Amino acid sequence: MPRFTYTATKEGKTIHGTSEAGSKEALVSSLRKQNIVPLVVRLEKSGGGLLKGLKFKKKVKVKDLAVFTRQLSTMVSAGVPLNRSLHTLEDQTKSAYFKKVIVGVAKDVEGGTSLADAFKKYPSVFSDVYVNMVRAGEAGGILDEILKRLSLQIERDASMRKKIRGAMAYPVVILTVTVVSFFGIMIFIIPKLGAIIKDLGGEGASLPIYTQIMLNISSFLQKNAIPIIVGTFVVVFLVRRYIKTPKGRYKFDGLLLRTPVIKGVIMKVAIARFARTFASLMSSGVSVLEALEVTGGAIGNKVIEKELQDAAKEVKNGKQLSEPLSKSKHFPAIVAQMLSVGEESGQIDTILVRVADFYEEEVEVTIDSMASIIEPIMIIVLGALVGVIAASVMGPIANLSKNVENG
């Protein structure tokens, strides 16, 4: 978000400050609501040199956001005025950036802006789901209850992400060690051992085919190490950049949904997020169409988001949501059936919460099973790689040593 510096007057005194806003006009409007008369407003220039153009996205820890949301819910429920609650929580957070965000939100609220609109100015901190639920809470007079639900949802989502990252940490470490070890051995150790083999056997010595292949690979990597490393980084950069485009992201997400094993985890995570987010929005009084739009963006998969957008079109034409979801390629039939029961009984939010709980448990079980299988597989692969290299090198050396002794 653009950052502005300004000079203004308040109660006859000249003040200077900086603030983030969507535009110059938005900042001027916000200042005037606070009885501040802006004199000069300038866009803050970014740094130059090698860092020019680079953007460092500031984030707030999920734990900090969850604690803030829960504490704000408690204070609002106790009848503490919103402005006072925000200023109190401003002193509670240890994050310097989050403190600035809360200060900005408090100023906007004091100027007459709704809490949801104040949150909306900081999309890197408060998601669309967060903003829409707060907006619904303000409209229905149940802000404290909505904030409590939000804190629970944030904690559950963070717990699921932590579980996935924890399960993937060990395989990633083993894979990294394997790749680094392979390149290190092939580039620095194998050439020296190859020289020893040639010294022992002479130029005309006959080597096993697997040993010769290993020496050829080592020679190729040694001569082309820099181009390979640079090429790898360039390819990774271009692929990541392509994935960030709408078309690239859609194709990448589609590929993940076709990848064996991985697709099962992604689908269960997506369904759990859909069910919990949609249930929270519906219970907050958000309309079905708006809830579908917000939920689609919160799932994290463009292919499934497209399905929900198509479902929203059918809902707009008068159909129940369970009908298009029953034809979905990615939503299991049980989800559509339970949603249908919820539509008939008027308890969509309650039933979808149960669906979310079920699939979150399924994700945990699947991840634990995958971790228990992946870990020994990675160890076997690493051991096999070391064994092949050892056999390729030590076998010929042992044979040549025997020949030298017999000679």
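The values are calculated or read from the model by the stated rules, or taken from the named source; none is laboratory data. Small disclaimer: the values here were computed from a predicted structure and weren't measured. Please note: Cβ atoms are built from the backbone with ideal geometry, for glycine as well, and neighbour counts cover all protein chains shown.
Considering region 167-191 alone, what residues qualify as being loosely packed, with under 13 Cβ neighbours inside 10 Å and in contact (Cβ under 8 Å) with a residue 60 or more places away in the chain?
177
Out of all the residues in region 319-348, which are closer than 19 Å to residue 301 by Cα and among the β-branched types (Val, Ile, Thr)?
Result: 335, single match.
Looking at region 335-353, I want the residues that are on the phi < 0 side of the Ramachandran plot and have a partner that is assigned to a loop (DSSP other than H, G, I, E, B) with Cβ atoms under 8 Å, at least 6 apart or on another chain. Which pairs are those?
Going by the 8 Å Cβ cut-off, the qualifying pairs are 336/328; 339/321; 340/320; 343/320; 343/321.
Got a sec? Which of 265, 236 is part of a helix (DSSP H, G or I), in the same structural domain as residue 371 (by TED's automatic domain parsing) and free of Cβ contacts under 8 Å to residues at least 40 places away in the same chain? I'd like the intermediate steps shown before the answer.
Working: 265 fails: free of Cβ contacts under 8 Å to residues at least 40 places away in the same chain.
Matching residue, one of 265, 236: 236.
Only one residue in 112, 140 is of a type in the set (Gly, Ala, Ser), surrounded by fewer than 16 Cβ atoms within 10 Å (Cβ to Cβ), closer than 25 Å to residue 283 by Cα and over 27 Å from the mean Cα position of the chain (by Cα). Which one? Lay out the reasoning, then the answer.
Numbers: 112 fails: closer than 25 Å to residue 283 by Cα.
Criteria check complete, one pass: 140.
Which of the residues belonging to region 347-381 are under 30 Å from residue 210 (Cβ atoms) and surrounded by fewer than 17 Cβ atoms within 10 Å (Cβ to Cβ)?
Our first condition is that a residue be under 30 Å from residue 210 (Cβ atoms); within region 347-381, this holds for 373-381.
Matches in region 347-381: 373, 375, 376, 377, 379, 380, 381.
Can you tell me which condition residue 231 does not meet? The list is (1) at pLDDT 85 or above; (2) within 30 Å of residue 343 (Cα to Cα); (3) among the small types (Gly, Ala, Ser), and all the others hold.
(2)
Just to verify a result, which residue in region 311-346, among those that are exposed (fewer than 14 other Cβ atoms within 10 Å of the Cβ) and within 29 Å of the chain's Cα centre (by Cα), is nearest to residue 155 (Cα to Cα)?
334
Tell me, which helices (runs of 4 or more DSSP H) lie completely within region 94-189 with 3 or more residues that are in contact with an Asp or Glu (Cβ under 9 Å, 6 or more places away or on another chain), not assigned by TED's automatic domain parsing to the domain that holds residue 294 and not charged (D, E, K, R)?
Where helices (runs of 4 or more DSSP H) fall fully within region 94-189 and carry at least 3 residues being in contact with an Asp or Glu (Cβ under 9 Å, 6 or more places away or on another chain), not assigned by TED's automatic domain parsing to the domain that holds residue 294 and not charged (D, E, K, R), they are 96-110, 115-120, 128-140.
How many residues are over 38 Å from the mean Cα position of the chain (by Cα) and modelled with pLDDT under 80 when one looks only at region 10-51?
We begin by selecting, within region 10-51, every residue over 38 Å from the mean Cα position of the chain (by Cα); these are 10-15, 35-40.
Imposing the further condition that a residue be modelled with pLDDT under 80 reduces the set to 10-15, 35, 39-40.
Of the residues in region 10-51, 9 are over 38 Å from the mean Cα position of the chain (by Cα) and modelled with pLDDT under 80.
Look at residue 136 and say whether it is touching a Ser or Thr at 6+ places or on another chain (Cβ under 6 Å) and farther than 30 Å from residue 370 by Cα. Give the derivation first.
Numbers: touching a Ser or Thr at 6+ places or on another chain (Cβ under 6 Å): yes; farther than 30 Å from residue 370 by Cα: yes.
Considered against the rule, which asks whether it is touching a Ser or Thr at 6+ places or on another chain (Cβ under 6 Å) and farther than 30 Å from residue 370 by Cα, residue 136 comes out as yes.
Taking the condition of being among the polar types (S, T, N, Q) and over 18 Å from residue 157 (Cβ atoms), how many residues in region 276-310 meet it? I'd like the intermediate steps shown before the answer.
Here is the first cut: in region 276-310, the ones among the polar types (S, T, N, Q) are 277, 280, 283-284, 287, 295, 301, 309.
Subsequent filtering for residues that are over 18 Å from residue 157 (Cβ atoms) retains 287, 309.
Number of matching residues: 2.
I want to confirm something. Restricting to region 268-301 and keeping residues that are in a helix (DSSP H, G or I) and of a type in the set (Ser, Thr, Tyr), which single residue is surrounded by the fewest Cβ atoms within 10 Å (Cβ to Cβ)?
Taking region 268-301 and keeping what is in a helix (DSSP H, G or I), we get 268-283, 288-299.
With of a type in the set (Ser, Thr, Tyr) added as a condition, the list becomes 277, 280, 283, 295.
Details: 277: 25, 280: 25, 283: 21, 295: 27.
Of everything passing the filter in region 268-301, 283 is surrounded by the fewest Cβ atoms within 10 Å (Cβ to Cβ).
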